[in-house]
Amino acid sequence: MSVNQSVQGIESPFSFHLPTNVQFGVGSASRLGEMLLSMGVRRVFLVTDQGVRQAGLLDEVIHSLEEKGLHFQIYADVEPDPSLETIQAGAAMFQVQPFDCMVAIGGGSPIDTAKGIRVLAANGGGIGQYAGVNRVPAASAIPLIAIPTTSGTGSEVTIFGVYSDWENHVKITVTSPHMAPSTALIDPALTLSLPAKMTAATGIDALAHGIETFFSLRSSPASDALAIHAMKMIAPHLRRAVRDGADMEARIGMSQGSVLAGMAFNNGFLGLAHAIGSALSGHCHVPHGVAIGLLLPHVVAFNTPVRPEKAELIADVLGSVQKETGTAAELVGQLVQDIGLPQRLQEVGVPEAKLVDIAKDSFKSGMMKWNPRLPTEQEVLELLQKAF
């Protein structure tokens, strides 16, 4: 047998890139000031939201900066699903005085906001003009440190930024290596105070990142390995973290699973659940993780016929944790129910009359093309009707 014959069927060229340095550990956020000082940083632009501020999660970070004598300014006007206008306002504030570092602390919204501000600081204009793939002309010389307080978005290690264009009822995605944070500082202790509902919503999003990347047409051996291990970490720990937020072992497991899933989809990309979810959130303001939880079981069922071997592996992972048998879609649906997320679109106030527009606008997402089974608009509508 020749070498070429021996690898027939498994030879598939792929690339893998992780531009972000990852620092993981309980208590690591308290060392932020020391790390910045060693980088020669003196003036810090801190991006967060009011929820993080009110939860006291900024206190340790601020203490670390003050202890090292670092000057900082806080931009805390970030809302869930940040708008184009929020990025513009943050960029204007950033440019008032010189800063030599940016730090984002929070969930995906503050981290994506900081990514967008950093792009505008280097390139000008509005963030909407960079929507698409590789449309950011230049990298910023300003380092960005991302400190997640949720275990879900993976934004701390990805090349994506997602922003809400409320005028046109859509979310836009900016995809560029220039979007990636310089360093992800992941401290699971910062997730301990996350409420159960947010733990559930962000956690199911992290699981979806693993599942959709695993199904993706762009998947590779590297992204598959990360996606599988992410699912193995998330599956046993998500219920525990929702049930008892002070369960440190569960929080560490979720933090690990989330960042691994982020590394996976940074290279393998996502699919149908995120494409529809983008339109659903754009039209009806459904929180991202809730939208994903509503859609994911139906998307897994839709993709199973074209990726049966991958669906079987997903079922094995979830079934071994849930101690149940069933299809991948059934086990995902059971998990969504167990962590208390809504299971019907009508539960979150989505009008049935909106389903046609949501189905149509889901095709505006670049993630649609990576789904292993390309749906028609009618099939997307039927999926939404099943979820209704």
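Annotations
- By a 1.4 Å probe calculation restricted to protein chains, H169 has an accessible surface near 80 Å², given to the nearest 10.
- Scattering curve values for the range 2-136, log₁₀ I(q)/I(0), Debye with Cα scatterers, q = 0.10, 0.21 Å⁻¹: -0.42, -1.36
- Trypsin sites (Lys or Arg not before Pro) lying in DSSP loop within the range 301-388, provided at most 13 other Cβ fall within 10 Å: K323, R344
- Gyration tensor (alpha-carbon) shape descriptor, the range 220-302, a/c threshold 1.5: oblate
- For volume of the Cα convex hull per residue in Å³, the value calculated from this model appears in [x] 153; [y] 164; [z] 140 under label [z].
- Rounded accessible area per residue of the range 29-176, 1.4 Å, Å²: 37 Å²
- Shape of the range 290-388, Cα gyration tensor, a/c cut at 1.5: oblate
- In the full protein context, the range 198-348 carries 32 Å² of accessible surface per residue, based on a 1.4 Å probe and ignoring ligands, DNA and RNA.
- Distance (nanometres) between label positions extended 7 Å along Cα→Cβ at K360 and E347: 2.9 nm
- Helix-only mean residue ellipticity at 222 nm for the chain, each DSSP H run of n ≥ 4 adding -39500 (n - 2.57), per residue, nearest 500: -15500 deg cm²/dmol
- GluC sites (Glu not before Pro), loop per DSSP, at most 15 other Cβ atoms within 10 Å - longest free stretch of the chain: 12-323
- Residues in the range 350-388 that a label on R218 would reach, taking backbone N under 18 Å of a point 7 Å out along Cα→Cβ: 362-375
- Within the accessible area of the range 232-352 (1.4 Å probe), percent carbon and sulfur: 52 percent
- In plain terms, if you count all Cα to Cα distances in the range 104-151 and split them into 5 Å steps from zero, the share in each step is 5, 22, 28, 21, 16, 8, 1 percent.
- For the set K115/K197; K310/K354; K68/K171; K232/K360, the pairs lying more than 31 angstrom apart at their alpha carbons are K310/K354; K68/K171; K232/K360.
- Solvent-accessible area assigned to carbon and sulfur over the range 4-142 amounts to 49 percent, based on a 1.4 Å probe.
- Pairs of Cα atoms farther than 20 Å apart, the range 228-355, %: 48 percent
- Cα gyration tensor shape for the range 120-240, rounded if a/c is under 1.5, else prolate or oblate: prolate
- Between the range 219-268 and the range 138-211, the Cα center-to-center distance that results, in Å: 14 Å
- With 5 Å bins from 0: P(r) over the range 52-108, alpha-carbon pairs, percent: 4, 14, 26, 25, 20, 9, 2
The values are calculated or read from the model by the stated rules, or taken from the named source; none is laboratory data. This structure is a prediction, so every number in the text was calculated from the model and none was measured. Reconstructed Cβ throughout: ideal geometry from the backbone, glycine too, with neighbour counts over all protein chains shown. The protein model used for the area step is the full one, side chains on, heavy atoms only, and it has no ligands, DNA or RNA in it. Shrake-Rupley method; radii C 1.70, N 1.55, O 1.52, S 1.80 Å.
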